[in-house]
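In what follows, a single structure is set out as structure tokens and then discussed.
The values are calculated or read from the model by the stated rules, or taken from the named source; none is laboratory data. Just so it is clear, the model here is predicted, and its values are computed rather than measured. Here Cβ is always computed from backbone atoms with ideal geometry, including for glycine, and neighbour counts include all displayed protein chains. Accessible surface is based on the protein model in full, side chains and every heavy atom, while ligands, DNA and RNA are left aside. Shrake-Rupley method; radii C 1.70, N 1.55, O 1.52, S 1.80 Å.
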Amino acid sequence: MDLTFNILLIIHLAAFGLAITTTIAAPLIGSRIAAAPPDARPLLGGIGKRLSINARIAFGLLLITGIAMVYVRYGGFEGQSIWFFIKMGLVVVVLIAMIIGIVAKPGTISPQVMGWITRLAMAGIVISAVMAFN
């Protein structure tokens, strides 16, 4: 059981690393596209799309491994502290931001605003995870 948990945790932390770097880099690239020369825009847009795909993969891995770890270690969600549910609420905030980013027309949402929302939610996820599981 400990080996299974540790493997899940390694995958979870690697996915979190990918997710957090994307939440830092993607808004920076997005904010530069409008001011970039026309010939540089497709390159920046391609990088942004790749980062978006990476974020979705990371988010999926985080959900799967996070839920699996809770079941492996605790047998489910019953008995979790308020910090766990705060963490899950912040996960929902990130999910909503991702969905908005997917369905909204390009240019309708400020990359800086979405970047700050996701960065603050990710910071809150880390803090609440420490409080929930330590």
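Put simply, of A55, A97 the only residue that is assigned by the TED database to the domain that holds I10, on the phi < 0 side of the Ramachandran plot and either open to solvent by 60 Å² or more (accessible area, probe 1.4 Å) or touching a helix residue (DSSP H, G or I) at 6+ places or on another chain (Cβ under 7 Å) (or both) is A55. The residues in region 101-134 that are open to solvent by less than 40 Å² (accessible area, probe 1.4 Å), more than 17 Å from R32 (Cβ to Cβ) and part of a helix (DSSP H, G or I) can be counted, and the count is 8. Reported count of residues in region 66-92, each being open to solvent by 60 Å² or more (accessible area, probe 1.4 Å) and assigned to a helix (DSSP H, G or I), is 9. Is it the case that region 44-54 has a residue that's part of a helix (DSSP H, G or I) and closer than 30 Å to D2 by Cβ? Scanning region 44-54 turns up at least one residue that is part of a helix (DSSP H, G or I) and closer than 30 Å to D2 by Cβ. All conditions in (1) modelled with pLDDT under 90; (2) in a loop (DSSP other than H, G, I, E, B) hold for M98, with the sole exception of (2). Scanning region 18-51 for residues that are touching a residue at least 24 places away in the same chain (Cβ under 8 Å) and of a type outside the set (A, V, I, L, M, F, W, C) gives T22, T23, P27, G30, S31.
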